[in-house]
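As structure tokens, the structure follows; a few thoughts come after it.
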Amino acid sequence: METERKPLLRDPEKTSYQSVGKALREAEKEYVKTLNNKKMFAAAFSAVLGNFTFGYALVYPSPVIPALEKNVYPELHIQAAEVPWFGSVFALGACLGGISSMVMNDHLGRKLSIMVSALPAALGFLLMGSAQHISMLLVGRILTGFAGGLTSSSIPVYISEVSHAGVRGGLGACPQIMAVCGALVLYALGLVLPWRWLAVAGEVPVFAMLALLCFMPESPRFLISKSKDEEALEALVWLRGPNTSYRAEFERIKNTVQKAKFLTCAEISDPYYYKPILIAALMRFLQQMSGITPILTFLESIFDRTSVILKSGYDASLVAVVRLLSVAVAATIMDKAGRKILLFTSGSLMLVSSLAMGFYIHFVDEVQHHHNSTNLTLAGLGSSPEPVNYLSLIPLICIMFYIIGYAFGWGPITWLLMSEILPLKARGLASGLCVLLSWITGFILTEAFIPVANELGLETLFFFFSVISLCGLLFTHFCVPETKGRTLEQIESYFRTGRRSFMR
């Protein structure tokens, strides 16, 4: 009798338990096939123009610092001690933007928070374009950084909440793609425009974003959380199309939102809240500790210091093109390959390229001082008066592979996972905290980059970034869940119950 009861008590319950996630995913796939995505893509594009501005403003010092170092006017001649500040105050402004987003995301909404960022961005570029003193440039950098911090936490949340599981991976990579496009445009314009006109050109995407977002809906999840059900339903119909089963999605979202009214201090101790918040925060911390912000900020200076064959401006533009292509490829395969495999690929490339760069910088001086033979340099068969040292291509190749690795995973996926795994009740607050932690780290690293490079050597920094990349690989293996093809409600159910059936 006991053996007959065993199946009744255990096996059927186990089968039902394991089929929960599969049934939800199958229903979601059928629903996704009926959707019209054009308007949803328009909403996402309008929002990510803020990331274009972010990427443009982030790397603004790269071509501007060499110009300011040569400036003949004392008020606009940048001193060696001011260079780290000019690069790092953007991150300081982004910290303030991250703090503001914690309040604005949950009170003004995702869309309005993005639109508000246009004001400090426009004012910051205006100050930099009309600067009569270095202090005006620094204030302009802080203001554009503030706008960047605000959009850093608002845009990923907005995109994740207006998109559906079928395209959320690809759309989630769009903020990173647009940030890379912004950096590429800045590097390209830096080859032909004076530094003041670079700031003027930065105004264009700011006003384009503001104009387009006027016609886009607010996040349905945010509207439901504010008891604006009619507006939320209208927004969902606009995003999904009127001839779809949007009402079922509306009810599912509403059911989830009703369980997430107010976050109390006592609830923070619940694994349902602190686990995803810790995962998101540590991912943002490791992303910045990998060195991406100081490397992009001082890219031309790094190439000058390592004596790369091409002019540093052209090298920076080439790296930006490679970065853009890498993010675009990652976006197309993210919903097929999954998040974790791309994070592993990304971390491995960053680890190898950082190590190679460190070893190159460590040994190249000795090599250059002792080489006399043709195996290290080629004279060009009389056509060139000076020998060409092809070893100087190594830093360019290392940085390119580092950027490819970052753009393939730790760039876009960190932002995407932050918006996916954070519970709705804590999403606005927690995303702001993640951005704050991220940019405090970015500020400290960028401020310390040049002094540490001068004191301990540039190779020390790249060896340090290698260690961080290794930590990122271990963290991905042990802590990061796979969210490919899961709805936000399934991901929340996983953290709420701990049942992996929702994620299988």
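Please go through region 72-99 and give me each residue that is open to solvent by 30 Å² or more (accessible area, probe 1.4 Å) and of a type outside the set (Phe, Trp, Tyr), ordered by number.
VAL72, PRO74, GLU75, HIS77, GLN79, ALA80, ALA81, GLU82, LEU92, LEU96, ILE99 - these are the residues of region 72-99 that are open to solvent by 30 Å² or more (accessible area, probe 1.4 Å) and of a type outside the set (Phe, Trp, Tyr).
Test VAL204 against the stated conditions and say whether it is hydrophobic (A, V, I, L, M, F, W, C), modelled with pLDDT of 90 or more, in contact with a Gly (Cβ under 9 Å, 6 or more places away or on another chain) and assigned to a helix (DSSP H, G or I).
Here the answer is no, as VAL204 does not meet what is asked.
Which one of VAL157, VAL139, VAL185 is crowded, with 24+ Cβ neighbours inside 10 Å and either at positive phi or not acidic (Asp, Glu) (or both)?
Just one listed residue meets the conditions, VAL157.
Kindly provide the set of residues from region 284-303 that are open to solvent by 10 Å² or more (accessible area, probe 1.4 Å) and either modelled with pLDDT of 85 or more or under 16 Å from ALA407 (Cα atoms) (or both), ordered by number.
Of everything in region 284-303, those that are open to solvent by 10 Å² or more (accessible area, probe 1.4 Å) and either modelled with pLDDT of 85 or more or under 16 Å from ALA407 (Cα atoms) (or both) turn out to be PHE285, LEU286, MET289.
Exactly one condition in (1) buried (at least 20 other Cβ atoms within 10 Å of the Cβ); (2) aliphatic (A, V, I, L, M); (3) under 24 Å from LYS70 (Cα atoms) is false for ALA147; which is it?
(3)
Restricting attention to region 329-362, and to residues there that are open to solvent by 40 Å² or more (accessible area, probe 1.4 Å) and among the polar types (S, T, N, Q), which single residue is nearest to GLY457 (Cα to Cα)?
Within region 329-362, the match that is nearest to GLY457 (Cα to Cα) is SER348.
For region 136-144, does any single residue satisfy the condition of being of a type in the set (Lys, Arg) and under 16 Å from GLY202 (Cα atoms)? Break it down into steps so the answer makes sense when it comes.
Just the residues of region 136-144 that are of a type in the set (Lys, Arg), to begin with: 141.
Among the residues that remain, those that are also under 16 Å from GLY202 (Cα atoms) are: 141.
Yes, because at least one residue in region 136-144 is of a type in the set (Lys, Arg) and under 16 Å from GLY202 (Cα atoms).
Quick test of your reading of the structure: LEU193 fulfils all but one of (1) free of Cβ contacts under 8 Å to residues at least 40 places away in the same chain; (2) part of a helix (DSSP H, G or I). Name the failing condition by number.
Every listed condition holds for LEU193 apart from (2).
Looking only at region 210-223, which residues are touching a Phe, Trp or Tyr at 6+ places or on another chain (Cβ under 8 Å) and among the hydrophobic types (A, V, I, L, M, F, W, C)?
LEU212
Give me a count of the residues in region 64-120 that are in contact (Cβ under 8 Å) with a residue 60 or more places away in the chain, outside any helix (DSSP H, G or I) and touching an Asp or Glu at 6+ places or on another chain (Cβ under 7 Å).
1
Could you check region 250-264 and list, in sequence order, the residues that are open to solvent by less than 90 Å² (accessible area, probe 1.4 Å) and modelled with pLDDT of 80 or more?
Within region 250-264, PHE250, ARG252, ILE253, LYS254, ASN255 qualify.
The values are calculated or read from the model by the stated rules, or taken from the named source; none is laboratory data. The shown structure was predicted, so the numbers you read here are calculated from the model rather than taken from an experiment. So basically every Cβ, Gly included, is an ideal-geometry build from the backbone, and we count neighbours across all protein chains shown. With ligands, DNA and RNA removed, areas are computed over all heavy atoms of the protein, side chains included. Shrake-Rupley method; radii C 1.70, N 1.55, O 1.52, S 1.80 Å.
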